[in-house]
Every structure is written in C-alpha cells, then in structure tokens.
Amino acid sequence: MHPAVAVGLVFGGCCSNVVFLELLARQFPGCGNIVTFSQFLFIALEGFIFEANFGRKRPAIPIRNYFIMVAMFFTVSVVNNYALNLNIAMPLHMIFRSGSLIASMALGIIILKKRYSVSKYSSIALVSLGIFTCTFMSAKQVASDSSLNEEDGPQAFLWWLLGIAALTFALLMSARMGIFQETLYKKFGKHSKEALFYNHALPLPGFLLLAPNIYQHAVLFNQSELFQVPVIGLTLPVMWFYLLMNVITQYVCIRGVFILTTECTSLTVTLVVTLRKFVSLIFSILYFQNPFTGWHWLGTAFVFVGTLMYTEVWNSLGPLLARRRPKQE
C-alpha cells in the first residue's frame, strides 16, 4: 500500500476517533470502560479471523510474553480512559499523552542505560515545559471554576490531581511497555500485527471485573435519543452510533499506523503521528469550544516543537531542500 494512503488512514481514523470519543465522554464522562471493551472486542475478532486464522496459527513470540505485555497495555488503556472522569479536559488529556517522549527517554536512561545527544535533551526540556504550562493553567481553571462553591472547589481540585496522577502513571507504564516490546522484537523479530491481536484478545476476560459498569452504560446508551444512520436508514440510539463510529475509526487509526511502520522510516511515522495529534487538538478546541488560553497555546507549541526536534526532522529536511534549491551560475 502506498504510504500516502497510510497517512490518510492515520489522519482520518485517529482524528475522527477523537471526535467520537469526546461526543461520548461529554454525554457520559464515565463511559470509558464500555468504549475500551468495544474497541478491544472488535480488534480481537478481526485479528482472530485474519491474523490467528481462527486459532490455527501459532504465535511467533511465546504467549507468556504477551501476557506481560497485555497486563501493561490493558492497564494503560483503562487508566487513560478513566482519567476523563477525573476533571481532565480532552485538550489537556491529548497534550499530556504527547509527553510519551519524556517517559521513554527517562526509562531508557534508567533501564537500558542509554545516553542521548544535547539536542535530544533540549527537545525533552521543551516538551516538559509545554506540558507543565498547560497543566498549571488547567489547574488554575479548575480551582477558579465559578460553578463550584467553596466546599466543592477543593474537592474538584483533588479529583483533578488524581486525574493527573493517573495520566502520569499511564504515561510511564506505556513507556515501559514500549521498552519491553523493543526487547521482544530484537529477540524474536517484528510481529506487530500479531502483537496487536494478542494485546486486544488476551485482556477480554479482564473486562468481567468491569461488567457492572459496562452494563450500566449499555442501559444508558439504550435510553439515548434515536438516530437514523445516513445512507442505510437504520435507526438506533445515538450513543450506540457514536460508539460504533469510535470503534471503526480506532481500528482504521491503528491499522494506518501499522501500515506506516512497514512502509516508512520511524522518523516519518513519528512525524505523522505528532502532526495528527496537533490536528486533533486544534479540531477539539475549535469544534467543541474547549477553554484554551494563550498560555495553553504556548504550551502546545513547546510540546510539538520539542517533539519535532526529537525526531530530528530539521536534519532530514535540510539535505532535501538543498537538493531542490536551484544552483547559482
């Protein structure tokens, strides 16, 4: 598949997924579990048919390694979604998760004993400053919310602090999972699609622990207003339509990233994913009219400029522009 098609899948799928997730979260902030379960179930069924060949294909990586990876993956997914129920606004949620470079570098230094160049440390400093700026300004907004009385204000702020702690934990756990995957791929070879299937199939029994919450939101979804799906004319509760579109766009997003990793360099993949996050952030702010001050914009700029510095995209663009520059007589 042409890389341009993969880029289209990433932008179309991931950006649309953010829209439907926010539509769901705005109506029912605690619906993260049913959203995560639906995504896992859909991707697991697709992988069971097309990757595992209905269970007849043996995994290239020993299954015990996938159980460790799945425990990390499941935890990260649930915690990230649950953070939306802890006074964490969607723009801050997206910006905070952009700090994966910080967590990866920190754990790389601690666990893998890696050392980085000065430019890498500078880029991480920019990302850190950007996230701190946005986090601090969001804290001021929560604390000064006019809809809160003196008793509710401190309580809401404590819930917000718990949300920040949850996002931090998920960020570090995600980075640790990346290091674990890197170690497995070096030992057994790259099997990204197989890992995608097992990461979504093995955690499914764990959702039994969340069954009451999932059932509760399924009942609430059934009670939402009816919606007629365009083209096919099917009528169903609007929240189920949002969930269906969220699941489909999540699958398109993940598939696009997977195709991109097989067709392009890691630099290109990182750049595309970074730009996709920026487009999603801008759309979320403008379309849903989320509160975003000038300080937030400054912090966002720090995050994404730092991310681009980390990918060293400028070093790659320099020779390309030099080749295209017309020669002087």
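Read the figures in this text as sums done on the coordinates, not as results from a lab. In this text the structure is predicted, and so the values were computed from the model without any measurement. Cβ placement follows ideal geometry from the backbone for every residue including glycine, while neighbour counts extend to all protein chains displayed.
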* Determine, for each peptide in 206-215, 16-25, the mean count of other beta carbons within 10 angstrom over its residues, then list the peptides with the highest first. => 16-25, 206-215
* Asked: What Kirkwood hydrodynamic radius, in Å, does the stretch 182-222 give when the mean of 1/r is taken over all pairs of distinct Cα atoms and then inverted?
  -> 12.6 Å
* Structure fact -> Total charge of the residues flanking Met69 in space, meaning their Cβ is under 15 Å from its Cβ, with Lys and Arg +1 and Asp and Glu -1, is +4
* At 37 °C and 0.692 mPa s, grab the translational diffusion coefficient of the stretch 1-56 from Stokes-Einstein with a Kirkwood Rh over Cα pairs, rounded to a whole number in µm² per second. => 246 µm²/s
* **Space enclosed by the convex hull of the alpha-carbon atoms of the stretch 158-288, per residue, Å³** => 194 Å³
* Structure fact -> Amide H proximity to Phe227 below 5 Å, modelled H, separation 5+ or other chain, gives Leu236, Val238
* Asked: Which of the peptides 164-175, 61-72, 76-87 is most tightly packed, and how do the rest follow, judged by the mean count of other Cβ atoms within 10 Å per residue?
  -> 76-87, 164-175, 61-72
* Asked: What is the sum of charges around Ala52, taking Lys and Arg as +1, Asp and Glu as -1, for the other residues whose C-beta is under 15 Å from the C-beta of Ala52?
  -> +1
